[in-house]
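Peer 1: Handing you a structure now.
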There are 2 protein chains.
Amino acid sequence: MPSEPESHLSADFRAALLQLFPGDQCHVDLPTRHVYGYDNSRRLQLPDAVLIPREQGHLPDLVRLCRQYGVAIVPRGRGTNTTGATIPIQGGVVLSFERLNRIIEINPDDRLAVVEPGVLNGDLQSALKPHGLFWAPDPTSAPFATIGGNLACNAGGPRAVKYGACRDNVLGLGAIDGHGRALRLGTRTTKGATGYDLMRLLIGAEGTLGLITDATLKLLPLPKASALLRALYADVETAAEAVTRIMRGNVVPSALEFMDATAIRLARDIGGAAISESGAMLMIECDGEPESVPWQLARLQEAASGRGLLELVQADTASATDALWKARKALSPALRTLAPKKINEDVVVPVSCLPTLVRATEQWSASAGFPIVCFGHAGNGNLHVNLLIDPANARHAEAARSVLAELFKTVIALGGTLSGEHGIGLDKRDFVPSAFNAATLEMMYDLKQWLDPDGIMNPGKLLPPADARRRRAD
Amino acid sequence: MPSEPESHLSADFRAALLQLFPGDQCHVDLPTRHVYGYDNSRRLQLPDAVLIPREQGHLPDLVRLCRQYGVAIVPRGRGTNTTGATIPIQGGVVLSFERLNRIIEINPDDRLAVVEPGVLNGDLQSALKPHGLFWAPDPTSAPFATIGGNLACNAGGPRAVKYGACRDNVLGLGAIDGHGRALRLGTRTTKGATGYDLMRLLIGAEGTLGLITDATLKLLPLPKASALLRALYADVETAAEAVTRIMRGNVVPSALEFMDATAIRLARDIGGAAISESGAMLMIECDGEPESVPWQLARLQEAASGRGLLELVQADTASATDALWKARKALSPALRTLAPKKINEDVVVPVSCLPTLVRATEQWSASAGFPIVCFGHAGNGNLHVNLLIDPANARHAEAARSVLAELFKTVIALGGTLSGEHGIGLDKRDFVPSAFNAATLEMMYDLKQWLDPDGIMNPGKLLPPADARRRRAD
C-alpha cells in the first residue's frame, strides 16, 4: 500500500535530475511511481521518482547527486525477485535499467558476451543460440528477468548443479559504487591472478554496494543433446537418499529437481503432467554431445535405483520432456492457488543433509496445521520450502513465524545457508545475523559503509539496518 | 643477501611472542631466519623471527600483538612462489603454516574437504584418490606446495582450462584479518545467495589482507580415463590458431598446453621427450568416463587439424603420456640451464589474441638480442613468457626492462592481465597500476587499508607502497 502519494524530493534535486535525464527518462507522476513501486514480493512502496535512462553516461553523476541530497537509489531490472529487494522502502529514486539493454558483444572465439544490465536473460540465450553457446544461469523467470537482476541476486536455476550460478559465470563487471566511482572489475580472460577479486563483491549484493553498468559473461558450449529421467519414490526420504547417491557419482546431472507429494499433485492437476501418485519425485537430466548421453543416462539410472524407488522412466520424446519441465516451472505460481498466501523460502543445505531437512519440514507441517510444500534444485541441496497459510488465521501467522525461525536455525545447524538463489532482500534480512559469526557480520556492515558511506544504495536490504543492530547490542 | 643479521624485535615483543608460541614454535636464531628468508623468486631478506605454530588457537592474538608493536607478519606455505610473495622485505615475523597441515575432513557425500593451510596439494590429492575425488588446482609445484599458498596466489595449473583455478574451487574459508578478527566466510554448500561474497577477497590476496586458517574445498569426481594428443605445427602462429579452434568447440580439453620451438628443444634434450624439430607444439588432453574419451578425442583431433599441422599423434601408452607430461613439467627448471637468468612472466590474454601475443614476443626477442621462450596453458590464454638473459650484460638488463614494459602494455591492450596464476608478489607490483583504472586501483588501496589498517599483513606485496603512489600523484 502506498504510504504517501506526494514526492519528497526538493525542487533543486528534481531540477538537477531532469537536467541529467531529460525528457521521458525521468518520471514523477503518480501512475509511473506506482508501477515501479512493487515487485514479485507483492509489496508496494512508492518511490519519489522513476528514472529510465537511455544512456549510461550520467549514472556516476546520478550517484553523486543522490549523495549530495541524501536520496536513496533503488536499482531495478524487471522486479521478478521474490524478496522485496527492489521495493523503495525509503522512497527516493527507482533506477530502471530496462532501456539499457544492448548486447554489446558476442565473442564466440573467447566465449564471452558483454551486455548491459537490462538485457533479458531469455533474449541473451536466444542471441547466443546461433553461435552454439549459452550463459549458465537459468532462473524460472529467465524470459522476463534481466541479467542485471540475475547478477544482483546471484541467481541460479536448475542447471546450476552442473554449470554454476552467477558468481561462477562472470568474467568482468563495470560498476559505480556509492561514492560515484566508475569501477572496472575482473577481466576478459578465463584466468587471472592480478590484484584483489573485487568483482564478486558486487554479485549477489542486491544493489546495496553500487550499480552494475555492464557485465562480461562467461559462455559455455550449448549441449547438442539431453535426456530426462523421471523417478518416483515411496517417500521424500528415499528420494533424498537417491539425490545423495546421484551426487556422489561421476556423472554430474545437468538438473536434479525434487518434488514432494503435494508438489507432484500440483504438477499433475495444474501443470498437466501425467504423473501417478507417489511420495516424492526426482527429475534427473543429463546433457552433452550426442555420444555421451546414453552412458550418462545409464549411470544416472543406476544411481537413482535403490530403496523406495517405485518407477523410473525416461521422457522419451521432446514433448514429454517439455511437458515435465513445464509442469515443474508451473509449480511456483500454482502454489498460490492452494492457499491465500505462500511464504517461499529457498534454503540450502549440504546434499547429504537433505533427508534430515525434508523430515523436519514434515514434522513442522504436522504441528503447525498448514501444508508445507517442498520442491527445488536438490542436486545443490537447494530446497524451496513453501508455507501455505491463511494470513487471516492468527494461529497460522503465529505458527509460520515459529516454523521459519526453526527452519533457518536447522539449516544453519546443518551447515547450510538462508538462501540459495533468491537472495535476502527485505524478507530474510533480519535472519542474516544468525548466518554469520559476529566478526564476519561486522565485516559485512564495514563493507557496506566502505562502498556506500551515505547509505543511499538500495537502503534497508540484505542486512538489518545498522541502528537496529546497535540497539540489539545495547 | 641478508641486509642485517640482528633481530629488530623489542625484548617485550619477543617475550610476548614466546608466551603465545612456546618451545620449538618460535625461532630467532640466524640459521632458521635464513631458511625462511627466501623463496622460489631467489630473493633473500631476513625475518626477525620465524613462527612455526603447532596449534591455531593463538593466531588472532599474534595479529593483535603484531598490530600493537607494528611488526610485519609474512604468512608462508613452502615458498614455491616465483614472485617474491613470501620474502619478508620489512623483516618482522615469518609465519610458516607447515605444521598446520591436518586434513580435517573428507566428505564424499557433499564433495568437500576441510583442510588446514599447510596441507600439501599433492598430499591432499593422494588422500582424495581412494574416494574417487580430486581438487582441481594442480600447479606444477603440487607435490611440495601448500593449499594455503595455492589459495594465496589463486594457483591454477594445466587442468584449470576445464576445471578452474582456486577461486572456482573453494566453498568456505576460516580467516583472520589484519584487525585480528576471526572470520568464517562462505558455506559448505555448492550454492549460496546470503550476504556478501567476502571469501573470494582472501583468495589471490597473497596474505596481504589476512591469514587463511582453514579452507573448505570443492571436490570433483576423478575422471576414470584420459587421453593425450601431441600436435606439431610449422610455427607458433598456426599452433595458436589451433588453440582458438579447439576452444571454440564443444569438447573442453582437460589440458591444452603450448610450447614454442625452444621449449620443444628443451623438452627433448633435457626432459627426454621424443619430439621432432618443429615450430610449435600443443599437448591436448581430454578426460572423463571411459566411454567418453574416444569421441572427445575425435572432436579434438578435428579441431587440431588445419593450417600448419605437421604431425598429430596420440600418446597411446601410459608411459608415453607420462613422458610427455614429465618433459612439460621439466621445462621451467630446464630454462635455468640456458641462460644465467630467466625472467618468467605468466601473462594472460583472451584466447583469440594468442597469435598476436606470440608474434609480438618473437619480434621483441629479435630486437632485444636474447631468447624469449614461450610455453604455457594456452587453453586459458595463459602464456609463460621467459626472458633468458645474462644479468652481467648491461644491454640485456636494459632491453629486458623495455621488453617487460612492452609485454605488459600489449597484454593490457589486448584485454588481458598481468598474471594468470603466479600472482604479483614483489616482481610485478609496480605494474599493477597499469592494469586498472584509477577508481578501481583506489578501491584496492582502500580494501587493503580497511582489512589491514596498520599495514602489517605481508607488507609491500601485490600493490606498490601507498606512499610511492602518493608521490607519483604529486
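Peer 1: Taking the stretch A:406-423 on its own, how many of its residues are within 25 Å of residue A:367 (Cβ to Cβ) and within 9 Å of chain B (Cβ to nearest Cβ)?
Peer 2: 6
Peer 1: Hey, can you tell me all the residues within the stretch B:403-423 that are surrounded by fewer than 23 Cβ atoms within 10 Å (Cβ to Cβ) and of a type in the set (Asp, Glu)?
Peer 2: B:406, the sole residue that qualifies.
Peer 1: Condition test on residue B:426, is it more than 9 Å from chain A (Cβ to nearest Cβ), hydrophobic (A, V, I, L, M, F, W, C) and open to solvent by 20 Å² or more (accessible area, probe 1.4 Å)?
Peer 2: Yes.
Peer 1: Name, by its number, the condition in (1) more than 12 Å from chain B (Cβ to nearest Cβ); (2) out of contact with any Asp or Glu (no Cβ under 8 Å at 6 or more places or on another chain); (3) open to solvent by 10 Å² or more (accessible area, probe 1.4 Å) that does not hold for residue A:230.
Peer 2: Every listed condition holds for residue A:230 apart from (2).
Peer 1: Answer yes or no: is there a residue in the stretch B:429-451 that is more than 10 Å from every other protein chain (Cβ to nearest Cβ) and open to solvent by less than 10 Å² (accessible area, probe 1.4 Å).
Peer 2: no
Peer 1: Which ones in the stretch B:405-434 are touching a Lys or Arg at 6+ places or on another chain (Cβ under 9 Å) and closer than 19 Å to residue B:381 by Cα?
Peer 2: Matches in the stretch B:405-434: B:408, B:414, B:415, B:416, B:417, B:418, B:419, B:420, B:421, B:422, B:423, B:424.
Peer 1: Let me ask something else. Which of the following residues is farther than 24 Å from residue A:156 by Cβ and without any contact (Cβ under 8 Å) to a residue 12 or more places away in the chain: A:68, A:56, A:90?
Peer 2: A:68
Peer 1: Evaluate the following for residue B:9: is it over 29 Å from residue B:120 (Cβ atoms) and in a loop (DSSP other than H, G, I, E, B)?
Peer 2: Yes; evaluated as a whole, the condition is true for this residue.
Peer 1: Here are A:260, A:214: which of them is at negative phi, charged (D, E, K, R), under 24 Å from the mean Cα position of the chain (by Cα) and away from chain B (no Cβ under 14 Å)?
Peer 2: Unique residue meeting the criteria: A:260.
Peer 1: Given A:368, A:394, which one is more than 13 Å from every other protein chain (Cβ to nearest Cβ) and without any contact (Cβ under 8 Å) to a residue 12 or more places away in the chain?
Peer 2: After ruling out the rest, the residue left standing is A:394.
Peer 1: So, one more: Go through the stretch A:139-157 and count every residue that is open to solvent by less than 10 Å² (accessible area, probe 1.4 Å), part of a loop (DSSP other than H, G, I, E, B) and away from chain B (no Cβ under 11 Å).
Peer 2: 1
Peer 1: Return the total of residues in the stretch B:158-187 being facing chain A (nearest Cβ under 7 Å) and either modelled with pLDDT of 95 or more or part of a helix (DSSP H, G or I) (or both).
Peer 2: Counting residues in the stretch B:158-187 that are facing chain A (nearest Cβ under 7 Å) and either modelled with pLDDT of 95 or more or part of a helix (DSSP H, G or I) (or both) gives 9.
Peer 1: Of all residues in the stretch A:17-66, count the ones that are open to solvent by 30 Å² or more (accessible area, probe 1.4 Å) and out of contact with any Pro (no Cβ under 8 Å at 6 or more places or on another chain).
Peer 2: So the count comes out to 22.
Peer 1: Tell me, yes or no, whether the stretch A:430-445 has at least one residue that is outside any helix (DSSP H, G or I) and at pLDDT 95 or above.
Peer 2: yes
Peer 1: Of the residues B:89, B:52, B:103, which is out of contact with any strand residue (DSSP E or B) (no Cβ under 7 Å at 6 or more places or on another chain), of a type in the set (A, V, I, L, M, F, W, C) and modelled with pLDDT of 95 or more?
Peer 2: B:89
Peer 1: Could you grab me the full set of residues in the stretch A:188-206 that are of a type in the set (A, V, I, L, M, F, W, C) and facing chain B (nearest Cβ under 7 Å)?
Peer 2: Result: A:193, A:198, A:201, A:203, A:205.
Peer 1: Answer yes or no as to whether residue B:215 is open to solvent by less than 30 Å² (accessible area, probe 1.4 Å) and outside the structural domain of residue B:183 (by TED's automatic domain parsing).
Peer 2: no
Peer 1: Identify, please: which residue in the stretch A:67-81 is more than 14 Å from residue A:460 (Cα to Cα) and touching a strand residue (DSSP E or B) at 6+ places or on another chain (Cβ under 6 Å) and is, among those, surrounded by the fewest Cβ atoms within 10 Å (Cβ to Cβ)?
Peer 2: A:78
Peer 1: Might you check whether a residue that is in contact with a strand residue (DSSP E or B) (Cβ under 8 Å, 6 or more places away or on another chain) and over 26 Å from residue A:76 (Cα atoms) occurs anywhere in the stretch A:412-433?
Peer 2: Yes: the stretch A:412-433 contains one or more residues that are in contact with a strand residue (DSSP E or B) (Cβ under 8 Å, 6 or more places away or on another chain) and over 26 Å from residue A:76 (Cα atoms).
Peer 1: Enumerate the pairs (first residue in the stretch A:114-138 and open to solvent by less than 30 Å² (accessible area, probe 1.4 Å); second residue anywhere and among the charged types (D, E, K, R)) with beta-carbon separation below 6 Å, excluding pairs fewer than 6 apart on the same chain, so at least 6 apart or on different chains.
Peer 2: A:114/A:105; A:116/A:102; A:116/A:214; A:118/A:98; A:138/A:159
Peer 1: I'd like the full set of residues that are in contact with a strand residue (DSSP E or B) (Cβ under 9 Å, 6 or more places away or on another chain) and over 19 Å from residue A:365 (Cβ atoms), limited to the stretch A:274-291.
Peer 2: Within the stretch A:274-291, A:275, A:276, A:282, A:283, A:284, A:285, A:286, A:287, A:288, A:289, A:290, A:291 qualify.
Peer 1: Which residue is farthest from the other protein chains (Cβ to nearest Cβ), if the candidates are limited to the stretch A:288-305 and must be at pLDDT 95 or above and in contact with a helix residue (DSSP H, G or I) (Cβ under 6 Å, 6 or more places away or on another chain)?
Peer 2: A:304
Peer 1: Still on this model: Checking residue B:456 against (1) in contact with a strand residue (DSSP E or B) (Cβ under 6 Å, 6 or more places away or on another chain); (2) at pLDDT below 95; (3) hydrophobic (A, V, I, L, M, F, W, C), which single condition isn't satisfied?
Peer 2: In the conditions (1) in contact with a strand residue (DSSP E or B) (Cβ under 6 Å, 6 or more places away or on another chain); (2) at pLDDT below 95; (3) hydrophobic (A, V, I, L, M, F, W, C), residue B:456 misses (2) alone.
Peer 1: Another question about this same structure. Taking residue A:400 as the residue in question, decide whether it is open to solvent by less than 20 Å² (accessible area, probe 1.4 Å) and within 14 Å of chain B (Cβ to nearest Cβ).
Peer 2: No.
The values are calculated or read from the model by the stated rules, or taken from the named source; none is laboratory data. In this text the structure is predicted, and so the values were computed from the model without any measurement. Please note: Cβ atoms are built from the backbone with ideal geometry, for glycine as well, and neighbour counts cover all protein chains shown. Remember, those area values only see protein heavy atoms, side chains included, never the ligands or the DNA or RNA. Shrake-Rupley method; radii C 1.70, N 1.55, O 1.52, S 1.80 Å.
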